[in-house]
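The values are calculated or read from the model by the stated rules, or taken from the named source; none is laboratory data. Nothing here was measured: the structure is a model prediction, and the numbers come from that model. Heads up, the Cβs are rebuilt from the backbone with ideal geometry, glycines too, and the neighbour counts pull from every protein chain shown.
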Amino acid sequence: MSTLFEAGKETVRHERAMSSLSDRTGTPLAEVRSLFAQELAELELGARVRSYLTVLTTSKVRTMLRQKSAMGPRARHSQHPQLPAARAEKSSSA
């Protein structure tokens, strides 16, 4: 069980990570927050150790943003059409 102080520290780490991703990739903070929240929720489901959730989530979101930017400017306005297929592949291979 985490204390309120620990939860607050975790929130600060998440906010810093999201802000950094937004700044470094030029992606709007709202979009980064949305992706971060989705990935964090997915990782939290099976997490036994929470210490690295921020690092892992940041890495996954950074990868998604890189892939998105590699697809070109039209991809900036889409809502990651490749992600459901990628997740389906992951779950079927598990």
Practice item. Would you point out which residue out of THR11, THR58, THR54, THR27 is of a type in the set (S, T, N, Q), outside any helix (DSSP H, G or I) and at negative phi? Key: THR27
Check your understanding: Restricting the search to the stretch 55-75, which residues are touching an Asp or Glu at 6+ places or on another chain (Cβ under 7 Å) and not aliphatic (A, V, I, L, M)?
Key -> THR57, LYS60
Point to revise | When residues of the stretch 31-76 are limited to those that are more than 12 Å from the chain's Cα centre (by Cα) and of a type in the set (Gly, Ala, Ser), the one nearest to GLU10 (Cα to Cα) | key: SER51
Review point. Taking into account only those residues within the stretch 60-82 that are surrounded by fewer than 14 Cβ atoms within 10 Å (Cβ to Cβ) and among the polar types (S, T, N, Q), which is modelled with the highest pLDDT?
Key: THR63
